[in-house]
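Asks: Okay, here's the structure, questions in a sec.
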Amino acid sequence: MQAANISVRRILTAGPRILLGSRPPDSTLSNLSFRKVSSAAVCRCSLTRHNNQTLPEDWQVKLSPEQFVVTRERDTEMPFSGMYLYHSEEGTYHCVCCQSALFSSNAKYDSGSGWPSFWEAIRAHTEDNSACNVLLRPDNSAGAVRTEVICKHCDAHLGHVFDDGPEPSGQRYCINSVALAFKPAPSG
């Protein structure tokens, strides 16, 4: 199984890093074995970087290939391709890895950037920021100085935040759709 995981990893990291809609050739797939993972199953165990027993293979089982590459390997989905870009239903956007509540649909807006954009994270601008489920850290990759947005609970890469958003925060959180799981607001 470990050899199959290495082969899958080579397939996923070879060529362009944007994977939405891509699929390895059938000849490559015929040599691999896969386990079906129910999308309805919710992992209740901790898969954070703080858990010394967590392996990358644990995340590969839990996540789709696109979700894994974006959230665990800090990649980016192709602009204007994400399922939540034009999504306007009321509810909450959660981390696809650990289900922590991250963004409210009330803070979502169309920035024209190609990614779902939010002007603030849930509880980001309260007196006690410790209740916020996102963390910000410097990101000097790709030859640019940016601020990476990660999930506080599982260290998942979500996207980046910029200081050119609308008031009241002036922030533009550009978040990868594959890093999010949407939960609609209760009806009634």
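The values are calculated or read from the model by the stated rules, or taken from the named source; none is laboratory data. The structure displayed is predicted, hence computed values, not measured ones. Positions of Cβ are generated from backbone atoms using ideal geometry, with glycine treated the same way; all protein chains shown enter the neighbour counts. Keep in mind that these areas ignore ligands, DNA and RNA; they rest on the heavy atoms of the full protein, side chains included. Shrake-Rupley method; radii C 1.70, N 1.55, O 1.52, S 1.80 Å.
Asks: Can you send over the carbon and sulfur percentage of the accessible area for region 58-188, probe radius 1.4 Å, protein chains only?
Replies: 52
Asks: Okay, next question. Can you give the charge dipole size of region 54-188 about its Cα centre, rounded to the nearest 20 debye, using +1 on the beta carbon of Lys and Arg and -1 on the beta carbon of Asp and Glu?
Replies: Working: 10 positive and 18 negative charges, 31 e Å.
The dipole magnitude comes to about 160 debye.
Asks: So, R0 is 35 Å and r is the distance between the beta-carbons of Asp163 and Ser100; what FRET efficiency does that work out to, to 0.05?
Replies: According to the calculation, E is roughly 0.90.
Asks: Okay, moving on. Can you pull the one-decimal nm distance between simple spin-label points at Arg137 and Glu90, each 7 Å off the Cα toward Cβ?
Replies: 3.7
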